[in-house]
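J.: A single structure is presented below for examination.
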Amino acid sequence: MKYSGEENKIGGVVGALRTVLLFVITVSAYALGIFPLLFLCYEILKWLDFSNPFYLLLLSFFIVTGYIILLFSLILSTAFFINVFNLKYTEGTYRKTLDDKMAFKYTAYFALYYPTYKLINLFVLPQIKSFYLSLIGCRIGKNVFLAGEEWLDPCLVEIGDNTMIGGRAIILGHIAEENLILCRTKIGKNCLIGGETFIMPGVIIEDNVVVGAKTMVPKGMILKRGKTYVGVPARPIN
């Protein structure tokens with residue numbers, strides 16, 4: 001889509017304002033999320049005596065507890081900002097600039113979601129990951145196992161009950177070509193998605209499907225119920 005000079009100026013102003021808003025939202029969300037841990041540190045460090053080994057033992061427990069506090073406070077703060085500012089993105093084709101409202105939502109969403117999700121991935125905590133994903137718009141079923149370091153597009157990925165997602169799997173709902181294309185990707189029930197699998201936008205994986213490790217599933221492909229797929233690109237095997 002081509003802009004006239006006046007439209008370019010308006011788009012530039014809108015883009016600049018949204019850049020500032022992106023910064024304000026991100027800093028505010030993380031500042032709010034980190035505050036409980038900092039306050040607790042301030043209170044505890046006032047009475048710790050580091051010359052006493054017993055206090056050092058207490059400090060080690062506090063460090064682990066601090067991680068959990070930080071984790072849940074960031075989960076709640078980033079989910080709060082995502083929902084209050086309505087940053088959940090939807091299917092469609094959009095420009096790749098911040099003056100496009102949906103591109104702005106997508107950028108702000110990932111600025112909040114991705115670092116928090118990386119923090120959860122320090123340990124394998126599938127239930128907590130599923131809880132967080134459901135808070136921020138992912139349609140995720142019961143007993144879904146997320147092995148670790150996977151990449152998801154939460155608003156555009158649907159995962160059915162009892163499905164396992166292998167480590168470092170990439171499941172996309174977006175692709176950046178000439179424009180930003182957002183398209184839902186669906187994974188059915190009782191599926192096994194192998195480690196380091198790459199699933200592109202618009203893919204539909206029916207129930208009881210196995211996708212082998214390092215398989216690449218092209219955009220828009222339908223994987224039929226009960227079959228096993230491997231390879232680059234994915235192909236069914238007996």
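Throughout, read-outs are computed from the coordinates displayed, never taken from laboratory work. Since the structure is predicted, the reported quantities are computational estimates derived from the model, not experimental observations. Every residue, glycine as well, gets a Cβ built from its backbone with ideal geometry; the counts of neighbours run over all protein chains shown.
J.: For the chain, what does the helix formula give at 222 nm: sum of -39500 (n - 2.57) over DSSP H segments with n ≥ 4, over the residue count, nearest 500 deg cm²/dmol?
T.: Calculated from helices alone, the mean residue ellipticity at 222 nm is -15500 deg cm²/dmol.
J.: Would you mind listing how long segment 129-238 runs along its three principal axes, going by Cα atoms, in whole Å with the largest first?
T.: That gives 39, 38, 22 Å along the principal axes, largest extent first.
J.: Right, here's the next one. Below 8 Å, C-alpha to C-alpha, sequence gap of six or more: please give me the relative contact order for the chain in percent. All intermediate terms of the calculation are to be shown ahead of the outcome.
T.: Numbers: 464 pairs, mean separation 27.8, N = 238.
Rounded, it is 12 percent for the chain.
J.: Let me ask something else. Give me Rg/Rg_expected for segment 97-166, where Rg uses Cα atoms only and Rg_expected = 2.2 N^0.38 Å with N residues. Walk me through the numbers before you get to the answer.
T.: Working: Rg = 12.7 Å, N = 70, 2.2 N^0.38 = 11.1 Å.
Dividing the Cα radius of gyration by 2.2 N^0.38 Å gives 1.15.
J.: On a C-alpha basis, how far is the centre of segment 30-93 from the centre of segment 102-171 in Å? Whole number, if you could?
T.: Taking the Cα centre of segment 102-171 as reference, the centre of segment 30-93 is 20 Å away.
J.: Between beta-carbons, use under 12 Å as the cut-off and find the net charge around LYS96, counting Lys and Arg +1, Asp and Glu -1.
T.: -3
J.: Calculate, axis by axis, the spread of Cα positions in the chain along the three principal axes, and write the results as whole Å, longest axis first.
T.: Principal-axis extents of the chain (Cα, largest first): 63, 59, 25 Å.
J.: Whose amide H sits under 5 Å from the amide H of TRP151, counting only residues 5 or more places off or on another chain, with H placed in the peptide plane?
T.: Placed amide hydrogens put ALA169, ILE170, ILE171 under 5 Å from TRP151.
J.: A further question follows. What helices does the chain have that are whole DSSP H segments, at least 30 Å long along their own axis by Cα, and with mean Kyte-Doolittle hydropathy of 0.5 or more?
T.: 5-45, 53-84
J.: Continuing with the same structure: Net charge within 12 Å of PRO154 by Cβ-Cβ distance, Lys/Arg positive one each and Asp/Glu negative one each, not counting PRO154 itself?
T.: Around PRO154, the surrounding residues sum to +1.
J.: Could you sort out which of LYS142/LYS186; LYS88/LYS186; LYS142/LYS224; LYS88/LYS224; LYS189/LYS219 sit more than 25 Å apart by Cα distance in this structure? Kindly include the intermediate steps, with their values, before the conclusion.
T.: Working: LYS142/LYS186 15 Å; LYS88/LYS186 17 Å; LYS142/LYS224 22 Å; LYS88/LYS224 30 Å; LYS189/LYS219 20 Å.
Too far apart for the 25 Å limit: LYS88/LYS224.
J.: I want to verify a result. In a Gaussian network model of the chain, Cα cutoff 10 Å, which of these has the top mean-square fluctuation: ILE68, ILE205, ILE193?
T.: Evaluated over the chain, the most mobile residue of the options is ILE68.
J.: Please list, ordered by chain and number, the residues whose modelled amide H lies under 5 Å from the amide H of PHE145; skip anything fewer than 5 residues away on the same chain.
T.: THR163, MET164, ILE165
J.: Please give the charge dipole size of segment 1-120, origin at the Cα centre, charges +1 on K and R Cβ atoms and -1 on D and E Cβ atoms. Round to the nearest 20 debye.
T.: Using Cβ point charges on Lys, Arg, Asp and Glu, segment 1-120 gives about 340 debye.
J.: Could you order peptides 58-64, 21-27 by the average number of other Cβ atoms within 10 Å of their residues, highest first?
T.: 21-27, 58-64
J.: Non-local amide H neighbours of LEU223 (under 5 Å, H modeled in plane, Pro and chain starts lacking H): which ones?
T.: Answer set, sorted by chain and number: ILE204, ILE205, GLU206.
J.: Still on this model: Around LYS219, under 15 Å between beta carbons, what's the net of Lys plus Arg minus Asp minus Glu among the other residues? Before the final figure, lay out the partial values.
T.: Numbers: positive: ARG184, LYS186; negative: GLU91, ASP153, GLU177, GLU178.
It works out to a net charge of -2.
J.: Here's another thing I want to ask about it. When the Karplus curve 6.51 cos²θ - 1.76 cosθ + 1.60 is applied with θ = phi - 60°, which whole-Hz ³J(HN,Hα) does each residue of segment 197-206 get, with x for Gly and Pro?
T.: So the J values, rounded to whole Hz, are 6, 10, 10, 8, x, x, 6, 10, 10, 6.
J.: How do ARG235, ARG168 rank when sorted from fewest to most other Cβ atoms within 10 Å of their own Cβ?
T.: Lowest to highest Cβ neighbour count: ARG235, ARG168.
J.: Please work out whether segment 1-138 counts as rounded, prolate or oblate from its C-alpha gyration tensor, where a ≥ b ≥ c are the square roots of the eigenvalues and a/c under 1.5 means rounded, while otherwise a/b larger than b/c means prolate and anything else oblate?
T.: Cα axes put segment 1-138 in the prolate bin.
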